[in-house]
1. Simple spin-label model, 7 Å along Cα-to-Cβ: Ser186 to Ile52 in nm?
2. What is the local net charge at Thr206, summed over the other residues whose Cβ is closer than 13 Å to its Cβ (Lys, Arg +1; Asp, Glu -1)?
3. Are there DSSP H segments in the chain that both extend 15 Å or more along their axis (alpha-carbon positions) and score a mean Kyte-Doolittle hydropathy of at least 1.6? List them, or say none.
4. Applying 1/(1 + (r/R0)^6) with R0 = 25 Å to the Cβ-Cβ distance of Val40 and Thr86, what FRET efficiency is obtained, to the nearest 0.05?
5. What number of lysine-lysine pairs in the chain show an alpha-carbon separation below 19 angstrom, given a sequence spacing of 8 or more or placement on distinct chains?
6. For P(r) over Cα pairs in 10 Å bins from 0, in percent, which listed value, (1) 6, 27, 35, 23, 8, 1, 0, 0; (2) 5, 18, 23, 20, 13, 7, 4, 4, 3, 1, 0, 0; (3) 7, 31, 37, 20, 4, 1, 0, comes from the coordinates shown?
7. What net charge is computed for the residues neighbouring Ser92, neighbours being all others with C-beta under 15 Å from the C-beta of Ser92, Lys and Arg scored +1, Asp and Glu -1?
8. Of Arg177, Arg204, Arg120, which has the most accessible area and how do the rest follow, probe 1.4 Å?
Amino acid sequence: MSAVSIGERRPATPTGAPPVERRPRRRWTSFALPVYTAVVMGYLVLPILVMILYSFNDSSFKKVSFRWLGFTAKWYPKVFAKPDLTAALKNSLIVATVSTLIATALGTMVALALVRYRYRGRGTTEFVLFLNIAAPEIVLGAALLSLFITFGVPRGLGTIVISHVMFNIAFVAITVRARLSGFDRSLEEAAQDLGAGPWTTFRRITLPLIYPGILAGALLAFALSIDDFVITNFNAGAVQTFPLWVYGAVKVGIPPQVFVMGTLIFMGGLFLAITNTVLQRRKA
């Protein structure tokens, strides 16, 4: 008898032909992450796009109409036509610049101390930093207000700068600390073996290597400072910053210059971020 039963046929395969490869079917889970990412990115970008769109709306000079009345670019040359709004933006830029410089310097030193030294109170310092980030802004604002009232400090531009430095130090310290966590100390030891002093080693070796972390912390501090409302509202006194002025203008009508200034601030931050990315890639 034959080994093959009657009526059963073997499939004919051409000799020398490669086997047919079947591509695995893509499961629906492979589309979940891209779709979720696209939805989140759209949710984050949509308000910014609306702000940019309304900066070109042909609305009234006194207040904004949320009806689309036509495309115009006339508000950009008139961005500084309202003196009180311009003064508020100037105050915000001054506060953000000064507080960023101070917080970056202090936060960098705190990060260096946490990473390189062991001392009593090191754990308490880390706890205070994370507590500063986790605490609600209304709690920080009220605490600072009570502190200034207790010591009789008049509220104004100076108290706003002190308040912004207080909550920015933690963000800078944590950002720079993340950069220092993978730092190779042998490079500093080699520089000192070649005769470099502590300051020369820091300036020529340490600072260039941790500079991306310092810059990232500074940009984060500037962004948090220029748009802060809650803590500033507690400690501003009679001084008006850009967020405080916009909050007051909502009750009577937002002028188109607010959207123009917001667009320009966003474009400035985007330009700095892109420039930093390009420079880092060139160095790499």
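1. Label at Ser186, label at Ile52, 4.7 nm between them.
2. Working: positive: Arg116, Arg179, Arg185, Arg203, Arg204; negative: Asp184, Glu188, Glu189.
Result for the neighbourhood of Thr206: +2.
3. Numbers: long enough: 29-54 (38 Å, 1.90); 83-116 (49 Å, 1.31); 122-134 (18 Å, 0.80); 137-150 (20 Å, 2.10); 157-180 (33 Å, 1.54); 207-226 (27 Å, 2.01); 256-283 (41 Å, 0.80).
Membrane-span-like by this rule: 29-54, 137-150, 207-226.
4. Working: r = 35 Å, r/R0 = 1.41.
That gives a FRET efficiency of 0.10.
5. The result is 12.
6. So the calculated entry is the one marked (2).
7. Numbers: positive: Lys82, Lys90; negative: Asp84, Asp227, Asp228.
Cβ neighbours under 15 Å give a net charge of -1.
8. Details: Arg177 70, Arg204 155, Arg120 235 Å².
The ranking, largest first, comes out as Arg120, Arg204, Arg177.
The values are calculated or read from the model by the stated rules, or taken from the named source; none is laboratory data. No experiment lies behind these values; they were computed from the predicted model shown. Every residue, glycine among them, receives a Cβ derived from its backbone with ideal geometry; neighbour counts consider all protein chains shown. The accessibility values were calculated without ligands, DNA or RNA, using every heavy atom of the protein model including side chains. Shrake-Rupley method; radii C 1.70, N 1.55, O 1.52, S 1.80 Å.
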